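Report on one structure; see the data block that follows.
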Amino acid sequence: MADVLGDAGGGGTKATKLPIPGKRNILITSALPYVNNVPHLGNIIGCVLSADVFARYCRLRGYNAIYICGTDEYGTATETKAMEEKCSPKEICDKYHKIHKEVYDWFGISFDEFGRTSSSQQTEVCQEIFGKLLENNWLSENTMQQLYCDTCERFLADRLVEGICPTPGCEYDSARGDQCEKCGKLLNPTELKDPRCKVCQTSPRIRDTNHMFLELPLLRDKLEEYINKMSVAGSWSQNAIQATQAWLKEGLKPRCITRDLKWGVPVPLERFKDKVFYVWFDAPIGYVSITSCYTNEWEKWWKNPENVELFQFMGKDNVPFHTVMFPSTLLGTGEDWTLMKTISVTEYLNYEAGKFSKSKGIGVFGNDAKDTNISAEVWRYYLLGNRPEVSDTLFTWADLQAKLNGELLNNLGNFIHRVLSFIAKPLGQGYGSIIPDAPDADSHGLTLGLAEKVDKYVDQYVESMEKVKLKQGLKAAMAISSEGNTYLQSSQFWNLYKADKPSCNIVMRTSSGLVHLLACLLEPFMPSFSDEVFRQLDLPLERRISLCEEKGDIERAKQPWKTLPSGHKIGTPHPLFKELKDEEVELYRDKFAGSQAQRIVKAEAEAEAEKLAAHLKKTNVSGSEKKQQAKSSTGRKPKAAGGGGAVEAGITITRLDIRVGLITKAQKHPDADSLYVEEIDVGEAQPRTVVSGLVNYIPLQEMQNRKVCVLCNLKPASMRGIKSQAMVLAASNSDHTKVELVEPPKDANVGERIKFPGFEGEPDDVLNPKKKVWETLQVDLAINTEGVACFKDIPFNTSAGICKVSSISSGSIW
């Protein structure tokens, strides 16, 4: 029997692995995913999935490989997310680490260790490296100017500052301290006009603060020697080389490695006791500390450059931190570290018509993929086949459907099922599930022609995978499946079975060997698929082939008629993939349109609508009965409460025409000190003129260029000589000491109508003042405890999400 004993190249054993002298020892890392959100498909293919494929390939080849990753948990983004969710940074990290782990488990990612940077090991390793740099005089101390909030008693990180964008023509009033979301310009917090603390809304002041800097210019010679040597030896990708050279060409500058934050690794110096290390100093060190969680003998991996090769996977935006910052940090210690040999970099995976975005919640996220009925194997195959290795690629639902139905179902799945189902047929129609003998296979012309092509594609596969060209490796494996289908068709095995049984035996034994080979080659890409194929072949783990060079596996794989022994009984075959239908594609495209926040609002709105519809149905029934009783006892309809005119019966919120408006211009009323006059775009040919009594509550600069909720069908009224054609909705707290505008989401469409789930109907053209429609409905408009604008607890809804105020809780709307 010519099959090979060995592991299946799967998730690896639980036993701790250490470098073995004389073997190829490979240390694999993927960029640590930040823990403040759920990973989307772009994150997954850019880092953890690509590294997983390579790790599985290395195990398949018999290399001694470990795969290290974990969540990056320190820094401003975590603190900000904790504030948003009203919990501690530790609680945020615990929550999202668990979510990340669940997503990666579902995708079948085979980490040897998936850890966290908030561990005690991280603090120990990070502070030790810092101590070596300090001891070797590669650090300096310098003074910086930062914004300081006296109310919060803290220096403000970039993302904790908002203000007016200084860019001429933009002047967006909610620009962040690091970047303006409207014009895209990168900023420093001190450049903002009228900056305000995002936490307490007060104005911060500029204050001096001291920080530690890594002196990259002094380390340049050591760094360039490393880059020049390893970029060639490790065959760095062109995008990695370009990004690295861009940093070097610009000139290396001292890099700040500390921050005025509380959540992070403490700086072990008394005068810096209130500071922590900057996340881009400590995050790459996480690779080391997570390995130390894996084994106490971690230095055998990380301080063993003669016997260990380091492969690192990441997206293109992380390149300089791994090719410049991290190597400089390690070189500066003066110790013999295992430095990165090969870097595998991906460009961006875009989503449908735009970009995946964690911050905006746009795209398909890991938990979304889990919620479809599409298997993890299909997701893995599609993402890896669409891996953006040299340029950006695009995810579309139609393309996913085409790849699944055309390549997996009709090519790969079809070939395997045709072979195994024919062998499984009873004798007289097939082989009774027994692999036939084929003594003359090595002289069978059609089979030898196939073997030549398989030989070529197996070599291409190995060459591509060794160079971490994963997409090419996958393409080579799938080409073998296509050749298998052609081989079956050319042989016309269904006719051979009766006309030339020995030739049919050769075709079936060879084809079953191809099935085995495909399960082996595709295991790094689709491990559960391979497991299922091996089950259908009825092969236990110890009988599954490897691609180990010294065992002769590669050469044996090129003679597929020798793979499975004659007389072996296969298991029960069944289809491996399911067709993705057009209606399912449309369903998913609609389900995952917009942002995650919008999807949540939509789902909540649909649930609320169902609940409300049931309530209204019940109310209408009981209300009709009461009206009938009232009419019977008095002989007339009941009167509405209140004076000054009759209130019309059946008034609903749909009669109000509330729209998303954009204030294009605001100025003081020329004849009234307490009034503003605004020009507001509400989606019509011309903007509307609106007069608002907000001067005493909202500064003029905060009225400029912002989205608001506008009641558009009030009867126009003159206010001190200027006709107001609508009303801006504002909210006040209980004692009316604070007033804020009711704001739609930034991405809401100008002119779209505010909706209230459960209420359908067209608004009045113009509200009749005598009917008191506005007055009747206004009493049920309020701000809830979460700052959300509501009508009877139903949020103001837009296509981009719900409408809110900035800080008022439990207020009224007017």
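The values are calculated or read from the model by the stated rules, or taken from the named source; none is laboratory data. Everything quoted here is computed from the prediction, not taken from an experiment. When we count neighbours, we look across all protein chains shown, and the Cβ atoms used for this are built from the backbone with ideal geometry, even at glycine. Ligands, DNA and RNA are excluded from the accessible area calculation, which covers all protein heavy atoms including side chains. Shrake-Rupley method; radii C 1.70, N 1.55, O 1.52, S 1.80 Å.
Heavy-atom accessible surface of segment 520-588, averaged per residue, reaches 44 Å², computed with a 1.4 Å probe.
Placing pseudo-labels 7 Å out from each Cα toward the beta carbon at residue 209 and residue 295 gives an inter-label distance of 4.0 nm. Per-residue surface analysis assigns residue 301 an accessible area of about 0 Å², computed on protein heavy atoms at 1.4 Å probe radius.
Can you give me the % of accessible surface on segment 669-721 that is carbon or sulfur? Probe 1.4 Å, all protein chains present, nothing else counted. Don't skip to the answer; put the middle values down first.
Values: 1130 of 2510 Å².
Taking all protein chains in place, segment 669-721 shows 45 percent carbon and sulfur surface.
Rounded to the nearest 500, the helix-only mean residue ellipticity at 222 nm of the chain stands at -11500 deg cm²/dmol, with each DSSP H run of n ≥ 4 adding -39,500 (n - 2.57).
All C-alpha pair distances within segment 735-814, sorted into 10 Å bins from zero, spread as 17, 45, 33, 5 percent across the bins. Ignoring lysines fewer than eight residues from residue 581 along the same chain, the ones with Cα atoms less than 23 angstrom from its Cα are 370, 403, 591.
How much of the calculated P(r) for segment 279-346 lies past 15 Å, in percent of all Cα pairs?
54 percent
Placing a label point 7 Å from the Cα of residue 274 along the Cα-to-Cβ direction, the residues of segment 127-153 whose backbone N falls under 20 Å from that point are 141-153.
Spacing of the modelled spin labels on residue 586 and residue 443, each 7 Å from Cα toward Cβ, amounts to 6.1 nm.
Apply the a/c threshold of 1.5 to the C-alpha gyration tensor of segment 139-214 and tell me whether it is rounded, prolate or oblate. It would help to have the intermediate numbers written out before the result.
Values: a/c = 2.54, a/b = 1.43, b/c = 1.77.
It is oblate, given that a/c is not under 1.5 and a/b is not larger than b/c.
In vacuo Debye scattering of segment 410-569, one point per C-alpha: log10 I(q)/I(0) at q = 0.10, 0.12, 0.16 Å⁻¹? Debye intensities relative to I(0), on a log10 scale: -0.33, -0.47, -0.86.
Residue separation of residue 335 and residue 16 scaled by 0.36 nm, minus their Cα-Cα distance, works out to 112.4 nm of gained length.
How many percent of all Cα-Cα pairs in segment 415-493 sit more than 21 Å apart? Walk me through the numbers before you get to the answer.
Working: 1292 of 3081 pairs.
Percentage above 21 Å: 42.
Note on segment 653-813: percent of Cα-Cα distances in each 10 Å bin, starting at 0 and stopping at the bin with the largest distance, equals 11, 41, 40, 8, 0.
Given in Å, the Rg to one decimal and the Dmax to the nearest whole number for the Cα atoms of the chain are 33.2, 106. Efficiency by 1/(1 + (r/R0)^6): what FRET value for residue 145 and residue 242, r their Cβ-Cβ distance, R0 = 41 Å, to the nearest 0.05? The value I calculate is 0.80. Under the membrane-span-like helix rule (DSSP H runs whose alpha carbons stretch at least 24 Å along the helix axis, mean Kyte-Doolittle hydropathy -0.5 or higher), the chain yields 445-466, 470-491, 501-521.
In whole percent, how big is the carbon plus sulfur part of the accessible area of segment 410-569, probe 1.4 Å, protein atoms only? Show your work: numbers first, answer last.
Numbers: 3020 of 6270 Å².
Ligands and nucleic acids excluded, carbon and sulfur reach 48 percent.
Could you provide, to the nearest whole Å², the per residue accessible area of segment 139-214 with probe 1.4 Å? It would help to have the intermediate numbers written out before the result.
Numbers: 3800 Å² over 76 residues.
Accessible area per residue, segment 139-214: 50 Å².
If I model segment 44-143 as equal point scatterers sitting on the Cα atoms and use the Debye formula, what is log10 I(q)/I(0) at q = 0.15 Å⁻¹? Results for segment 44-143 at q = 0.15 Å⁻¹ read -0.83.
Could you tell me which of the pairs 341/469; 198/738; 738/770; 229/467; 182/665; 95/198 are separated by over 21 angstrom between their Cα atoms in the structure shown?
Those over the limit are 738/770; 95/198.
Accessible surface calculations at 1.4 Å, restricted to protein heavy atoms, place segment 653-813 at 47 Å² per residue.
Measure up 456/558; 471/562; 707/746; 471/578 against 18 Å on the Cα-Cα distance and list the ones that go over. Mind dumping the intermediate values first?
Working: 456/558 9 Å; 471/562 28 Å; 707/746 7 Å; 471/578 23 Å.
In this structure, 471/562; 471/578 exceed 18 Å between Cα atoms.
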